[in-house]
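Asks: One structure is given below, represented as structure tokens, and several questions about it will come after.
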Amino acid sequence: MINLPAPQFTNASIEDCIQKRRSIRKYEDKGLTLQEISNILWAAQGITEKNRGFRSVPSAGATYPLEVFVAKKDGFFRYLPERHSLKMEKNKDLRKDIAQAALEQMFIANAGLVIIIAAIPERTTLHYGKRGMQYIHNEVGHCAQNIHLEAVALGLGSVPIGAFDEDKLRQTLDLKEEEPMYIVPVGHPK
Ligand SMILES: Cc1cc2nc3c(=O)[nH]c(=O)nc-3n(C[C@H](O)[C@H](O)[C@H](O)COP(=O)(O)O)c2cc1C
């Protein structure tokens, strides 16, 4: 288990981050610090109200269907919002395999951090039936946008990746109940 440091707020304004955000696909060969990873995962799904367990991203009926994973040089991890920690799932650099599953968009493998936003649909569809699936897609967008804007605040670059082979990615990551919904590489812009 890797305990992440508490997120450290930057002085970037939200308007500045919106103005500057661009899809970035070229990265320096450089990892992210634990502080940067902390800030990004906090923005993606961190707990912002302890009492009720509410998070940085809205969720239909507060059902929280999203699971966030990260692939980096030293392994593949699941983000645990309650502990603000990373739990190792695989002791292996999966970035290249993820890039291959993303229809050979190989630039993904050069990002210091490759985020996978996945969902456990039943958490939401049990309450909302078929409509729950639409809510999950909405939430994935909220989550990815927070990541993109926080990346800008930290001087990093990211891009949303929707083009991937879902079965191949699920196999690569050995996901059982989680459905991969979006890939977001984050890195130092070249
Ligand atoms: C749902 C969705 C899927 C996308 N999938 C990919 C992708 O697979 N690969 C990629 O390089 N960019 C992808 N993009 C990024 C778009 O190409 C990009 O947002 C668009 O060109 C506008 O540029 P900007 O993000 O810099 O404003 C995707 C964007 C969205 C919203």
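Asks: Residues in the range 113-123: is at least one open to solvent by 50 Å² or more (accessible area, probe 1.4 Å) and within 15 Å of the chain's Cα centre (by Cα)?
Replies: Looking for residues that are open to solvent by 50 Å² or more (accessible area, probe 1.4 Å) and within 15 Å of the chain's Cα centre (by Cα), one finds none in the range 113-123, hence no.
Asks: Right, next: Could you please find all residues in the range 135-150 being near the ligand (Cβ under 10 Å from one of its atoms) and either open to solvent by less than 30 Å² (accessible area, probe 1.4 Å) or under 22 Å from H188 (Cβ atoms) (or both)?
Replies: Initially, the range 135-150 is screened for residues near the ligand (Cβ under 10 Å from one of its atoms), giving 137, 140-141, 144-145, 148.
If the condition is that a residue be near the ligand (Cβ under 10 Å from one of its atoms) and either open to solvent by less than 30 Å² (accessible area, probe 1.4 Å) or under 22 Å from H188 (Cβ atoms) (or both), then V140, A144, Q145, H148 are the ones that fit.
Asks: I'm told A109 meets every condition in (1) open to solvent by 10 Å² or more (accessible area, probe 1.4 Å); (2) assigned to a strand (DSSP E or B); (3) within 18 Å of L32 (Cβ to Cβ) except one. Can you identify the failing condition by its number?
Replies: It is condition (2) that A109 fails.
Asks: Restricting attention to the range 157-178, which residues are in contact with a helix residue (DSSP H, G or I) (Cβ under 7 Å, 6 or more places away or on another chain) and within 14 Å of Q100 (Cβ to Cβ)? Before the answer, list the steps.
Replies: Kept after step one, since they are in contact with a helix residue (DSSP H, G or I) (Cβ under 7 Å, 6 or more places away or on another chain), are these residues of the range 157-178: 157-158, 160-161, 164-165, 168-169, 172.
Within the range 157-178, I161, F164, D165, K168, L169, T172 meet the criteria.
Asks: Let me ask something additional. Taking the range 151-179 only, how many residues are within 13 Å of the ligand (Cβ to nearest atom) and crowded, with 20+ Cβ neighbours inside 10 Å?
Replies: Adding up the residues that qualify gives 8.
The values are calculated or read from the model by the stated rules, or taken from the named source; none is laboratory data. Being a predicted model, the structure only gives us computed values, none of them experimental. A quick note on method: Cβ atoms are made from the backbone with ideal geometry, for glycine too, and the neighbour counts reach across all protein chains shown. Only protein heavy atoms, including side chains, enter the accessible area calculation; ligands, DNA and RNA are left aside. Shrake-Rupley method; radii C 1.70, N 1.55, O 1.52, S 1.80 Å.
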